[in-house]
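Below is one structure, written out as structure tokens; comments come after it.
The values are calculated or read from the model by the stated rules, or taken from the named source; none is laboratory data. The structure displayed is predicted, hence computed values, not measured ones. Ideal geometry is used to build each Cβ from the backbone, glycine not excepted, and the neighbour counts take in all protein chains shown. All accessible areas refer to the heavy atoms of the entire protein, side chains included, with ligands and DNA or RNA removed. Shrake-Rupley method; radii C 1.70, N 1.55, O 1.52, S 1.80 Å.
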Amino acid sequence: MSKPEISVQLYSIHAQLDADLDGSLRRLFEIGLRTVEAFDFVRRADELKKSFDAYGLSAPTAHAILIENEGVATPDGLLSVPPAEEVFAAANTLGVQVVIDPFVAPSRWATADDVQRNAERLNASAKQAAEFGLKVGYHNHDHEFATQIDGRPALEVFAGLLDPAVLLEVDLYWATAGGADPVALLEKLGDRVIAVHIKDGPMRPGITAADMPSDQQPAGQGDVPLAAVLAANPELPYAVIEFDHYEGDIFDGIAQSYRFLTDTLG
């Protein structure tokens, strides 16, 4: 039986990458990671590839804005919106297989028409990506679950409108914060889930990406039922460690999460 491949979203160390890209990737290698999820990769694809090759790292998945084509305001303000052909060409440079859109603002999930729009745009991106030999996907925050469309979470409505080739990456922390049962959610979404974001911390009313909490924790130390999700989905392709924010040493937090995953996955 296969088991998820452990990865880490490079957003977790975006500040460290800007300061010392090669040294930061070397530290991930030293932790034991061999797979990463690329972030902000279009402007520095060649530099990333050089270090990936040096440390034997691969990036089968990556994040880039696809659905919106202008005026994007991500919560962190870090991602620009280069032309799609540049995104897909850079993805090919790095050996990426799936380009995942990480954010569409809450205001674009308010109505059924909004959800339809988002799905149509991502389906169109999937067709363009296929010309580069790539697939596309979407990554959630909490608002896609907190918003209900005809009594169903907007994310589930959205999933039903996507081309079968379009994949999903479920952020388990944000799905839980949005009111979803992550075990039941993955059962509903089935094999279109390419990856889960392994993220943890205290769960309490009012947690939202619009007001990022400062007390996220290494995997297995918070209230997100990560072990239960992994036990129920042993053949997920990727388990991707991520921190939106971490008060301690981020490399130590990643190392603790990596140990949790290696112990849990066996």
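Points worth noting:
- Residues of segment 219-253 that are assigned to a helix (DSSP H, G or I), open to solvent by 10 Å² or more (accessible area, probe 1.4 Å) and in contact with a Phe, Trp or Tyr (Cβ under 8 Å, 6 or more places away or on another chain): ILE250 alone.
- Checked against (1) closer than 22 Å to SER257 by Cα; (2) outside any loop (DSSP other than H, G, I, E, B), LEU33 passes all but condition (2).
- Condition met for LEU17 (assigned to a helix (DSSP H, G or I), buried (at least 18 other Cβ atoms within 10 Å of the Cβ) and not basic (Lys, Arg)): yes
- Qualifying positions in segment 169-218 - assigned to a strand (DSSP E or B) and touching a His at 6+ places or on another chain (Cβ under 8 Å): GLU169, VAL170, ASP171, HIS197, THR208
- Given (1) charged (D, E, K, R); (2) closer than 21 Å to SER12 by Cα; (3) open to solvent by less than 10 Å² (accessible area, probe 1.4 Å), number of the condition ASP142 does not satisfy: (3)
- Residue that is open to solvent by 30 Å² or more (accessible area, probe 1.4 Å), without any contact (Cβ under 8 Å) to a residue 12 or more places away in the chain and not hydrophobic (A, V, I, L, M, F, W, C), where the choices are GLY179, GLY190: GLY190
- Residue within segment 116-138 that is more than 16 Å from ILE65 (Cβ to Cβ), among the aromatic types (Phe, Trp, Tyr) and open to solvent by less than 50 Å² (accessible area, probe 1.4 Å) present: no
- Selected residue [touching a helix residue (DSSP H, G or I) at 6+ places or on another chain (Cβ under 9 Å) and open to solvent by less than 10 Å² (accessible area, probe 1.4 Å)] from PHE29, PHE88: PHE88
- Residue in segment 255-266 that is touching a residue at least 12 places away in the same chain (Cβ under 8 Å), in contact with a Ser or Thr (Cβ under 9 Å, 6 or more places away or on another chain), open to solvent by less than 10 Å² (accessible area, probe 1.4 Å) and closer than 22 Å to THR61 by Cβ present: no
- Checked against (1) under 20 Å from the mean Cα position of the chain (by Cα); (2) assigned to a helix (DSSP H, G or I), VAL96 passes all but a single condition, namely (2).
- Failed condition for VAL157, given (1) touching a residue at least 40 places away in the same chain (Cβ under 8 Å); (2) assigned to a strand (DSSP E or B): (2)
- Residues within segment 32-72 that are polar (S, T, N, Q), within 19 Å of the chain's Cα centre (by Cα) and open to solvent by 20 Å² or more (accessible area, probe 1.4 Å), tallied: 1
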